[in-house]
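The values are calculated or read from the model by the stated rules, or taken from the named source; none is laboratory data. Because the structure is a prediction, the values reported are computed rather than measured. FYI the Cβ positions are ideal-geometry reconstructions off the backbone, even for glycines, and counts take in every protein chain you see.
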Amino acid sequence: MKRRTRLKAEVGALLCVALLWAVNFKTDCLPRAPAGTLRHVVKVAPNCEKSSGKATQQEDPDAHYNLGLMNSNGDGVSKDNKEAAKWFIKAAEQGHVRAQYSLGMMYGRGDGVSKDYKEAAEWLTRAAEQGDTAAQYALGWMYDKGEGVAQDYKEAARWYTKAAEQGNADAQCALGLMYYEGEGVAQDYKEAAKWFMKAAEQGDTAAQCILGVMYDQGQGIAQDYKEAAKWYMKAAEHGNAHAQYILGVMYAKGQGVAQDQKEAAKWYTNAAKQGKASAQLELAVMYLEGTGVLEDYVEAYKWAILTMNGTDADAQRAGAHLRDLLRKYLTPSQIEEAQRRAKDLLGERGHSPT
C-alpha cells in the first residue's frame, strides 16, 4: 500500500501536463482539404447513352460530363479514370462548370492524368469564376497552401468568402480560421466565431470543435462552458479526437457538465484510441489511480507507452517518466502483457510500443 501511495504521489506532477494543453487549430481542428469526390448528384442528360457514340456526334457537354462520371464511378462501365478524364476535358473545354471542377480535382490528385497542381488551379479557377462553390473552396485552399499557385492568404480569403457566402460549410470553417489567425484578413475573433457558427450548424466537425474552444476561452463570444461542452459533444460524437479529449477534461473537472469521472474516462478512451497523446496520458493516470475506471497498472503502463509513440515531445517525455515509474511495480510478465495490448491497439499503424 505504501509503495502504491508513493507511486501516485510521484505521478501527481504529471497531471498538469495533460490538462487543457494549448489548442493548435492547424493540427487538432483543421478544416479538411477539398475531398474532390466526383460522385455528384446530377440528372443524366437524355441523349447520354452508355455507348459514347451519340454523345460524341452531338458534342453535348452534359453528355460528355455524365460519361466522365460514369467512368470515374464505375457506373454501368468499368471504372477508368483515364477515360473519365478524356470526357471531362471535352466537357470542360466547352465551359461545363462541374466538368471543370472535376478535372481540376483529378489533376490535383493525379487520377487519370499526371498530377499537376498548376493545371488543377487553372481548371478550378475557371469553375470558380462561374460560381461553383466547391471549386471556390478548393481554389481558396490552393492559395492558402501555395499549391499550384503562389501562396496568397488574401486571395485565399477572397475565394473562401465567395464560397462561404453561398453556404459552403468547408469554406465557412476555413474563413473562420483565417479570421482567427489573422491570415489574409485582419484578425477578428467575432468574425471568426460568426463563420465557425455557420459551419458548425451545418455539421462541420472541425468548426464545432473550434467553436467549443472559443466558448471555452471566451474568444469573440462570451465565455460559456455549457455552450463549449455542447459543441465539443457534437464534434466528439462525430469522431473528432481533440473534442473527445477536451470533453473528457470537462467531465473530469465538472466544467460545463456535471462532474463524472466514468464519462471522462469514456471520452479519453475514444480520443486515446485515435492516437491523441494527451488523452492517452490522462487515461494512464486514471488507471493508475482507479479514477473513473478500475485500478489497473497494466492498463496504465499500456497507455503510458502508447503516449510515447506519438509526435508530441512533451507527451513523450511524460509517458516515458510514467512508464519508468510503473516498471518498479510490475512483474516482467505484466510488462509483457501491457506491451502486447499496446501492440494490438496500434494494429496496422506500423509502430512498435516503446
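Of note:
- Checking each residue in the stretch 174-183 for being of a type outside the set (D, E), under 15 Å from W141 (Cβ atoms) and either surrounded by fewer than 17 Cβ atoms within 10 Å (Cβ to Cβ) or touching a residue at least 40 places away in the same chain (Cβ under 8 Å) (or both) picks out A174, L177.
- Check on A206, within 30 Å of L103 (Cβ to Cβ), of a type outside the set (S, T, Y), out of contact with any strand residue (DSSP E or B) (no Cβ under 8 Å at 6 or more places or on another chain) and touching a residue at least 60 places away in the same chain (Cβ under 8 Å): yes
- Residue pairs meeting the criteria (Cβ under 9 Å; at least 6 apart or on separate chains; first free of Cβ contacts under 8 Å to residues at least 24 places away in the same chain and part of a helix (DSSP H, G or I), in the stretch 335-347; second crowded, with 18+ Cβ neighbours inside 10 Å and not β-branched (V, I, T)): R340/K302; R340/P353; K343/P353
- Answer residue from the stretch 184-209, given it is among the aliphatic types (A, V, I, L, M) and surrounded by 24 or more Cβ atoms within 10 Å (Cβ to Cβ) and is farthest from D152 (Cα to Cα) among those: A200
- Residue in the stretch 315-324 that is under 28 Å from the mean Cα position of the chain (by Cα), part of a loop (DSSP other than H, G, I, E, B) and surrounded by fewer than 24 Cβ atoms within 10 Å (Cβ to Cβ) present: no
- Against the list (1) under 21 Å from the mean Cα position of the chain (by Cα); (2) under 22 Å from K190 (Cβ atoms); (3) in a helix (DSSP H, G or I); (4) without any contact (Cβ under 8 Å) to a residue 60 or more places away in the chain, the condition G167 fails is (3).
- Counting the residues of the stretch 200-236 that are among the small types (G, A, S) and over 16 Å from A171 (Cα atoms) gives 8.
- Among (1) surrounded by fewer than 24 Cβ atoms within 10 Å (Cβ to Cβ); (2) within 15 Å of C209 (Cβ to Cβ) - the single one K273 does not satisfy: (2)
- All conditions but one from (1) farther than 27 Å from I210 by Cβ; (2) surrounded by 21 or more Cβ atoms within 10 Å (Cβ to Cβ); (3) in contact (Cβ under 8 Å) with a residue 60 or more places away in the chain apply to E289; the one that does not is (2).
- From G182, G248, residue being modelled with pLDDT of 95 or more and under 26 Å from E263 (Cβ atoms): G248
- Of all the listed residues (G212, G248, G218), the sole one being buried (at least 24 other Cβ atoms within 10 Å of the Cβ) and over 22 Å from L306 (Cα atoms) is G212.
- All helices (runs of 4 or more DSSP H) inside the stretch 205-300 with 3 or more residues being closer than 30 Å to E337 by Cβ, hydrophobic (A, V, I, L, M, F, W, C) and assigned by TED's automatic domain parsing to the domain that holds K328: 277-289
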